[in-house]
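Nothing in this text is a laboratory measurement; each read-out follows from the coordinates by a stated rule. Because the structure is a prediction, the values reported are computed rather than measured. With ideal geometry, Cβ positions are generated from the backbone for all residues, glycine too; neighbour counts draw on all protein chains shown.
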Amino acid sequence: MTLLRIFCIVVFAAVVTIAARDDGRVFAQSQPPAQTERKQEDIDLDTQLYLLIGTNQETQDKLPTALDAVIKHLRASLPFKNYRLAATLINRVKNDGHLNLKWIGGPLLSSGPTSSAETPSFNEFRVNLVRLTRDDQGFGRIRMEGFSFGARIPIQVALASAAPPSTTINYESTGLNTDISMREAEPVVVGTLNVGPSGDAIILVMSAKKATH
């Protein structure tokens, strides 16, 4: 083998090695970590808060099929004969964002003199941080830190000292504060709040999932 052929082979091998290294550098830079972080920040989450009323009174309300598993669990755990849907709150929030809602709604309790348009309920729902995470099995989980629900509900109070005896309406406050974690798109019971002399209860059910558009 001549010296000229040996020289050409060495030069060709060096060019191939340099090209391979350059390809490696280009591939490593094609998907920078910053791009992945931006995608995570752009995720929107759809949340649904259901306000259920547990009662022993008759009701003909039809509940959403999405709550079938929850209602089955409640019937096995709580003493109420029936459940009705008082409100559904649907909101969209940024991943790592927060929610804060205040509204005046119809009476949460459906019976008695306190149940009228003149005695609405005053409600507030707040979450300090909503975050999408993954569990050990890779399933999506939604964390809600600083979950808070509060309501001022009209309660009829008898005035025994009045002549003749009469009644008045007092607004009483009830609420719940906690941190929760739930599987994505799977409704969970956050808590129950007993309200009024009738023994009815407000049951908070929460669901959240990654927005599709």
Nearby lysines by direct alpha-carbon distance to Lys81 (threshold 17 angstrom, same-chain neighbours under 8 apart not counted): Lys62, Lys72
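Can you give the extra length, in nm with one decimal, that the chain gains between Ile104 and His213 once fully stretched, where that is 0.36 nm per residue apart less the Cα-Cα distance?
Working: separation 109, 0.36 × 109 = 39.24 nm, distance 3.00 nm.
Fully extending the segment from Ile104 to His213 adds 36.2 nm.
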- line: For Lys94, the lysines lying under 27 Å Cα to Cα, once residues fewer than eight places off in the same chain are dropped, come out as Lys39, Lys102, Lys209, Lys210
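Would you tally the net charge around His213, using a Cβ to Cβ cut-off of less than 11 Å, leaving His213 out, and scoring K and R as +1, D and E as -1? Before the final figure, lay out each step's value.
Working: positive: Arg92, Lys210; negative: Asp44, Asp46.
My count for the surroundings of His213 gives 0.
Between Glu172 and Arg143, what FRET efficiency follows from the Cβ-Cβ distance if R0 is 25 Å, with the result rounded to 0.05? Walk me through the numbers on the way to the answer.
Values: r = 31 Å, r/R0 = 1.25.
Efficiency, rounded to the nearest 0.05: 0.20.
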- prompt: With point charges of +1 on the Cβ of Lys and Arg and -1 on the Cβ of Asp and Glu, referenced to the Cα centre of segment 34-210, which listed residue (Thr192, Gly150, Thr88) lies farthest in the positive direction of the dipole?
  reply: Thr88
task: Pull up all non-local amide H partners of Leu108: gap of 5 or more, or a different chain, and H-to-H distance under 5 Å with H placed in the peptide plane.
output: Ser121
- line: Length gained if Thr88 through Asn128 is fully extended, taking 0.36 nm per residue and subtracting the Cα-Cα distance, is 12.4 nm
message: Using a 7 Å offset from the Cα along the Cα-to-Cβ direction at both Leu78 and Glu58, what is the distance between the two label points in nm, to one decimal?
response: 2.2 nm
